[in-house]
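Notes follow once the structure below has been shown.
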Amino acid sequence: MQPKPISVKKQWLFIRNVLFFTFTSFGGAQAHLALLLKYFVHSTRFISEEELLELNALAQVLPGPASTQTLVGIAWKVGKLKLAIITFLIWILPTAAIMTFAAISYALLDQKQKFNDVLEYIQPIALGIVAYGAWKLGRKVLTSQVSIFLAIGSVVATFVLRNAYVFPLAILVGGIISSAIETPKEETELRVRLFSNLNPKKMIYFLGALLLFALVGAIINRTSPFSLPIRLLENFYRNGILVFGGGQVLVPLMFTEFVDMKHYLAAPGFLSGFALQQALPGPTFSFTSYLGALSMKNFGYGLSGQILGGLIGVVGINLPGLILVLFIVPFWDDLKKISRIRHSLSGINAVSVGFIIAAFILLLIPMAMNWLFLGIMVTTFLLLNFTKISPPIIVLAGILIGYVF
């Protein structure tokens, strides 16, 4: 069903609430959902609570940034494509700009000891945050033998294959397995009837275009004469189209590919940027702006190249998810009736937990047996798990300690 046109006054009210949401959205996707309820359901009634929860469920099934897709889906329902694009830009640009500036600053100051001292305590805090994410998601997701098997399999695949394409393939396999096991057979006729109501040519063209871009990107990625910006665009686009689970999954995957496999940047720079991102409001996926800018610096590009890298990061990672949600939201009323789509999520999440565990191990190895760092990491985990202290507070405390001592 097409959204009803709204007045200019109501559009400005919506944009105002998007700004409020952008600058107060700390704490990741779960906290973001509570704020979405506050700004767009309870206080203003732009959409109903049921519609919001359905959009959030859709975003969890789709690859890409869940909070971004949910917010853009709300905007589409309220004001169609124009408002959706404006909302997307308001949401991603502030944090992406800060992260790009942080990468440039890190590049300019990485030879200064005090700067490194300030960041020293941030790295184990970042590890504690990753451990907490793995623990929370694991307790929720790993509830059956199949899910545990899929998680263990993804850990083993990460260490044995050591290839970036293990991630999308394992996620695809996990989704297929859980969907095949959990979906009731009697829904087959319902699925056929619902899909017959969609435009098959439009779906084929749309999905074909996304996969074609991914295929061209894979060729570019393995062809050395192409410049780093093009290869970075391929890296971010590929992860954007095939990463499920939001920022908590994206960050570990980025570490494995950018640091461990391709050596675009070093572990300390990666962890420092991740910790900084945790102290900022907005989408976790804006972390890619930092990765793009710092990667460009490490390969000899100047200021303009680093800014380009930041832009490539945020556009490449968000573009597939943005296109997907804008295409699927109009058909969601039909698609949400198909449980096969819902049941695939359990396998996808199980594989994602395995990736987080593997990335945590890879991040932990460089710390060796530094008991101070291990203590900070464990303390961070315990504070997040047993208190209501948020990650930004812990990160800011780490920066303060590093500056003072």
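What ranking do 12-25, 229-242 get when scored by the average of other Cβ atoms within 10 Å per residue, highest first?
Descending packing order for the listed peptides: 229-242, 12-25.
Leaving ligands and nucleic acids out of the surface, order E49, E257 by accessible area at 1.4 Å, largest first. The partial results should precede the final answer.
Values: E49 85, E257 0 Å².
I get E49, E257, largest accessible area first.
Quick one: which of 285-295, 69-79, 145-155 comes out on top by average Cβ neighbours within 10 Å, and what's the full order, highest first?
285-295, 69-79, 145-155
Would you give the gap between the C-alpha center of segment 371-387 and the C-alpha center of segment 254-281, rounded to a whole Å?
Value for the Cα centre distance between the two parts: 20 Å.
In what sequence, highest mean first, do 349-355, 384-390 appear when ranked by Cβ atoms within 10 angstrom?
Highest mean packing first, the order is 349-355, 384-390.
For segment 247-289, what % of the accessible area comes from carbon and sulfur atoms, probe 1.4 Å?
61
Which shape class applies to segment 255-330: rounded if a/c is under 1.5, otherwise prolate when a/b exceeds b/c and oblate if not, where a ≥ b ≥ c are the square roots of the Cα gyration tensor eigenvalues?
Prolate, since a/c reaches 1.5 and a/b exceeds b/c.
Can you give me the solvent accessible area of V130 with a 1.4 Å probe, rounded to the nearest 10 Å²?
10
Of H263, H343, which has the most accessible area with a 1.4 Å probe, and how do the rest follow in descending order?
Solvent-accessible surface, decreasing: H263, H343.
With every protein chain kept in the model, how would you rank K9, K38 by accessible area, 1.4 Å probe, largest at the top?
Of K9, K38, the descending order of accessible area is K9, K38.
The values are calculated or read from the model by the stated rules, or taken from the named source; none is laboratory data. Bear in mind that the values here come from a model prediction, so they are computed numbers and not experimental data. Positions of Cβ are backbone-derived with ideal geometry, glycine not excepted, and every protein chain shown enters the neighbour counts. Heavy atoms of the whole protein, side chains included, go into the accessibility calculation; ligands, DNA and RNA do not. Shrake-Rupley method; radii C 1.70, N 1.55, O 1.52, S 1.80 Å.
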